[in-house]
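Before any comments, here is the structure.
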Amino acid sequence: MSEQVYVGADHAGFQLKQKLVDELRRLGYEPVDVGPKALDPADDFSDYGKPVADAVSRGVAQRGVLTCGTGLGMAYVANRFPRVRAAVAWSPEIAELARKHNDANVLVLPSRFVSEEEGMEILHRWLDTGFEGGRHARRVAKIDHDGP
């Protein structure tokens, strides 16, 4: 079975989400599209960010992808969940560093600030980059640790 990647968007990220789902499928992943299924200007980021973050937080999925206008709303929602490290990435280099140094397990794309082509490049870099571990593992471990 291929890796499941949960995907969600709000109204601003809907079109990009559709392309991301298609690209994940083309790459051999199993995208789980939590919605929305149709463009609705009333769709809010929190309604679709929560199920993606919850799946990653509980270990149902190892990774998730979210998109909204700036990426900020989705990141705020996702990062409230334990063990979720959602990173807003607007370039392939940021996506790579988010994986290498922070073990980002949720990619957040700012749909109003990246083209469809840039979004695909960012997705590819994020999917293809591993976590370096080492000194970064110690730092990442402190995120979910209460106390010093």
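Can you give me the Cα centroid spacing of the range 57-76 and the range 14-56 in angstrom?
Here the two parts' Cα centres lie 9 Å apart.
Can you list the lysines whose alpha carbon sits under 30 Å from that of LYS17, skipping same-chain ones fewer than 8 residues off?
Within the straight-line cut-off, LYS17 pairs with LYS37, LYS50, LYS100.
Among the chymotrypsin sites (Phe, Trp or Tyr not before Pro) in the range 4-95, which ones are in a DSSP loop with at most 14 other Cβ atoms within 10 Å of the Cβ? Mind listing them? Could the numbers behind the result be given before it?
Values: sites: TYR6, PHE14, TYR29, PHE45, TYR48, TYR76, TRP90; in loops: TYR29, TRP90.
Of the chymotrypsin sites (Phe, Trp or Tyr not before Pro), not one in the loops of the range 4-95 has a Cβ with at most 14 other Cβ atoms within 10 Å.
For percent of Cα pairs over 18 Å apart, pick the label among [x] 56; [y] 68; [z] 52 that corresponds to the value derived from the coordinates.
[z]
What number comes out for the charge environment of SER91, summing +1 per Lys or Arg and -1 per Asp or Glu over other residues with Cβ under 12 Å away?
So the environment of SER91 carries a net charge of -3.
Please rank PHE131, PHE81, fewest neighbouring Cβ atoms within 10 Å first, as an exposure proxy. Please report the intermediate quantities before stating the final value.
Working: PHE131 16, PHE81 19.
So the ranking, lowest neighbour count to highest, is PHE131, PHE81.
Based on the Cβ-Cβ distance of LYS142 and SER115, what FRET efficiency does E = 1/(1 + (r/R0)^6) give at R0 = 41 Å, to the nearest 0.05? Don't skip to the answer; put the middle values down first.
On the way: r = 36 Å, r/R0 = 0.87.
E between LYS142 and SER115, to the nearest 0.05, is 0.70.
Under 13 Å Cα-Cα from LYS19, which aspartates and glutamates qualify once same-chain neighbours fewer than 8 residues away are excluded?
ASP33, GLU116, GLU117, GLU118, GLU121
Only the coordinates and a few stated rules stand behind these numbers; no lab work does. Because the structure is a prediction, the values reported are computed rather than measured. Glycine also receives a Cβ, built like all others from the backbone with ideal geometry; neighbour counts cover every protein chain displayed.
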